């Protein structure tokens, strides 16, 4: 499981377009490059009808780790 400190310190390595940090239970913290710099958000990945799906929970830090975990558990 991720900690608040790990999330705050996370950065995108040079040459990578996307970094996903797994928290468990399908919840990921995602960092990616955008037109305005780095974008950080929460994503929930799951399988439905045999296909992988991905739902954006919300941007970080507006959505905290605790809140992202609660939304993913719904």
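Ordering 16, 9 by the number of other Cβ atoms within 10 Å of each residue's own Cβ, fewest first, gives 9, 16. Sorting 71, 36, 20 from the fewest to the most surrounding beta carbons within 10 angstrom yields 36, 20, 71. Taking each residue as 0.36 nm, the span from residue 36 to residue 51 lengthens on full extension beyond its C-alpha to C-alpha distance by 2.2 nm. Translational diffusion of the chain, estimated by Stokes-Einstein from the Kirkwood radius over alpha carbon pairs at 4 °C in a medium of 1.567 mPa s, is 101 µm² per second. Relative contact order for region 4-73: what is it in percent, counting Cα pairs under 8 Å that are at least 6 residues apart? Computed value for region 4-73: 21 percent relative contact order. Fewest neighbouring Cβ atoms within 10 Å first, the residues 46, 29 line up as 46, 29.
No lab work stands behind these numbers, since they all come straight from the coordinates. Quick caveat, the model's predicted, so the values are computed rather than measured. Note: ideal-geometry Cβ built from the backbone for every residue, glycine included; neighbour counts use all protein chains shown.
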